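The values are calculated or read from the model by the stated rules, or taken from the named source; none is laboratory data. Being a predicted model, the structure only gives us computed values, none of them experimental. When we count neighbours, we look across all protein chains shown, and the Cβ atoms used for this are built from the backbone with ideal geometry, even at glycine. Only protein heavy atoms, including side chains, enter the accessible area calculation; ligands, DNA and RNA are left aside. Shrake-Rupley method; radii C 1.70, N 1.55, O 1.52, S 1.80 Å.
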Amino acid sequence: MKDVYQEALKLHAEHEGKIEVSLKVACENAEDLSLAYTPGVAQPCREIAQNKDDVYKYTWKSHSVAVVSDGTAVLGLGDIGPEAALPVMEGKALLFKRFAGIDAIPLCLDTKDPDEIVEIVKKIAPTFGGINLEDISAPRCVEIERRLINECSIPVFHDDQHGTAIVLTSALMNALKVVNKKPEDIKVVISGTGAAGSSIIKMIHSLGVKTIYAFNINGIVIKDDYDQYDFLVKELTEITNPDNKRMTLKEAMVGADVFIGVSAPKLVTKEMVESMNEGNIVFPMANPEPEITYALAKEAGATIVGTGRSDFPNQINNVLAFPGLFKGALSVRATKITEGMKLAAAKGLASLVMIKGHVIHCNINVTNLEKSLAFYKEALGLEEKRRKVASDGSFILVYIGNDFDDFEIELTWLKDHPQPYELGENESHIAFEVEDMQKAHAHHEQMGCICFENPAMGIYFIHDPDDYWLEVLPKK
């Protein structure tokens with residue numbers, strides 16, 4: 001078995017890092033140079049001087065992010081300094097480019113002073129479309145982010161806090177579906193109340209989880225110790241430990257439905273997992289070494305296990321959230337990434353995963369079957385498996401899926417499908433059944449669809465901005 005750490009070291013040494021600057025325009029002769037640089041470059045400068053918003057039109061600002069760190073909380077390695085943090089920040093920039101087409105620049109600062117970090121970021125903000133704060137220790141990271149959100153006109157996002165919370169909440173939503181439990185009925189134990197832990201606690205509480213027990217290096221978070229906490233943990237006393245009971249992590253794990261770890265290696269034993277409820281969910285997320293290994297948690301009887309590592313099954317990683325979140329924010333020139341946007345991202349991410357064995361029946365407008373097939377392939381990686389064509393040409397059934405899940409989506413092409421409205425030339429029509437109309441309506445509105453209903457038929461017609469009409473039918 002290969003040693004992942006030695007292989008990674010070899011890769012970094014061979015390439016001297018992971019990112020580089022590439023050119024978007026030609027620079028081969030004097031004419032190219034006169035357009036890309038002097039004298040031609042003066043004209044976009046004049047335009048921007050007249051209208052600052054034109055910086056998004058003529059420069060990289062619309063697709064650029066600064067990845068800012070002081071190296072005080074790098075992975076699970078702790079305060080290792082700005083130089084040692086650079087490989088992680090380069091990796092972050094790589095992920096931005098690979099998964100969102102965003103140009104990201106790592107900036108590792110040689111200061112731990114929150115005031116200095118805030119001032120530096122404010123000074124460089126005109127160059128970038130957004131700021132991604134990374135691996136800054138808590139609670140300083142929260143203070144820094146909150147100040148920058150208020151003082152900058154571009155989106156500022158601390159991924160260790162909110163990116164982790166988004167993907168974890170998304171994973172929890174789908175895991176609860178698998179074990180048939182509801183957020184309001186479960187007991188959750190969380191180890192870690194720093195940047196990630198505090199944000200996770202707040203987001204799953206917003207999701208509806210009522211019983212949360214939070215632990216840090218000093219033990220359980222409890223109102224009796226309120227005066228000993230920093231401002232971040234003080235906020236958590238209002239939504240955790242509802243019975244204000246002092247207990248150990250081992251004691252709290254008894255009868256728990258979910259364990260979430262964002263703390264340190266090997267804090268959870270096999271016996272602790274065995275003491276949890278049936279249908280338990282274990283998310284040990286400490287990096288690079290989790291609170292309990294995937295194999296040991298499964299051996300202990302955990303129903304679902306997910307970690308932050310890519311070499312274990314069920315990886316829960318921020319890369320599922322932050323590239324797309326920033327791409328969306330930059331696309332609409334959002335000045336802030338709000339709590340509502342974060343929760344919507346978690347729900348949207350969860351909605352991409354379908355329950356195994358579930359077949360969705362979709363009626364697609366006659367002229368757009370191929371367009372719809374292309375959409376599912378590009379967006380979800382679903383390939384055509386088989387199709388059935390009626391002998392009289394009245395319909396075509398196309399089944400799509402992938403090689404990893406045992407679900408299929410059935411796309412139906414009907415020659416004479418009745419339309420309750422007139423479709424535009426490039427619009428598609430999709431119809432599907434749901435068990436809860438009210439939740440379906442709320443979900444699609446949250447995703448940016450324009451909804452209206454036909455009360456007589458009990459049908460919602462939802463117009464998606466991407467030229468799709470979605471017809472939601474009550475399941476019979």
Subset of region 30-64 that is hydrophobic (A, V, I, L, M, F, W, C) and open to solvent by 70 Å² or more (accessible area, probe 1.4 Å) - its residue that is farthest from the chain's Cα centre (by Cα): Ala30
Region 258-279, subset within 23 Å of the chain's Cα centre (by Cα) and at pLDDT 95 or above, residue farthest from Ile212 (Cα to Cα): Gly261
Given (1) of a type outside the set (A, V, I, L, M, F, W, C); (2) without any contact (Cβ under 8 Å) to a residue 40 or more places away in the chain; (3) buried (at least 23 other Cβ atoms within 10 Å of the Cβ), index of the condition Gly192 fails: (2)
Residue by residue through region 12-29, note down the ones that are surrounded by 10 or more Cβ atoms within 10 Å (Cβ to Cβ) and closer than 29 Å to Leu77 by Cα. His12, His15, Gly17, Lys18, Ile19
Of residues in region 79-116 being under 10 Å from Asp135 (Cβ atoms) and not in a helix (DSSP H, G or I), the one most open to solvent (accessible area, probe 1.4 Å): Asp79
Pairs needed: first member in region 389-400, over 15 Å from Glu370 (Cβ atoms); second member anywhere, assigned to a loop (DSSP other than H, G, I, E, B) and not β-branched (Val, Ile, Thr); C-beta distance under 8 Å; at least 6 residues apart or different chains. Gly393/Lys415; Ser394/Lys415; Ser394/Asp416; Phe395/Lys415
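Does region 49-59 hold any residues that are among the hydrophobic types (A, V, I, L, M, F, W, C) and in contact (Cβ under 8 Å) with a residue 60 or more places away in the chain, and which are they? Don't jump to the end; show me each part of the working.
Taking region 49-59 first, the residues among the hydrophobic types (A, V, I, L, M, F, W, C) are 49, 55.
Scanning region 49-59 gives a single hit, Val55.
Condition first: open to solvent by 10 Å² or more (accessible area, probe 1.4 Å) and not hydroxyl-bearing (Ser, Thr, Tyr). Now tell me which residues in region 146-160 satisfy that.
Step one: of region 146-160, the residues open to solvent by 10 Å² or more (accessible area, probe 1.4 Å) are 146-147, 149-153, 160.
Arg146, Arg147, Ile149, Asn150, Glu151, Cys152, Asp160 - these are the residues of region 146-160 that are open to solvent by 10 Å² or more (accessible area, probe 1.4 Å) and not hydroxyl-bearing (Ser, Thr, Tyr).
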Answer yes or no: is there a residue in region 120-132 that is over 30 Å from Ala36 (Cβ atoms) and either outside any loop (DSSP other than H, G, I, E, B) or in contact with a His (Cβ under 7 Å, 6 or more places away or on another chain) (or both). no
Kindly check whether there is at least one residue in region 67-76 that is charged (D, E, K, R), open to solvent by less than 90 Å² (accessible area, probe 1.4 Å), outside any helix (DSSP H, G or I) and touching a residue at least 40 places away in the same chain (Cβ under 8 Å). yes
Every residue in region 172-193 that is at pLDDT below 95 and either touching a Cys at 6+ places or on another chain (Cβ under 8 Å) or among the β-branched types (Val, Ile, Thr) (or both), please. Val178, Val179, Thr193
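Within region 296-345, how many residues turn out to be of a type in the set (Gly, Ala, Ser), touching a strand residue (DSSP E or B) at 6+ places or on another chain (Cβ under 7 Å) and within 19 Å of Ala93 (Cβ to Cβ)?
Filtering region 296-345 for residues of a type in the set (Gly, Ala, Ser) gives 297, 300-302, 306, 308, 310, 321, 324, 328-329, 331, 334, 340, 344-345.
Pick out the ones that are also touching a strand residue (DSSP E or B) at 6+ places or on another chain (Cβ under 7 Å) and you get 297, 302, 306, 329.
Next, from what is left, pick out any that are within 19 Å of Ala93 (Cβ to Cβ): 329.
So the count comes out to 1.
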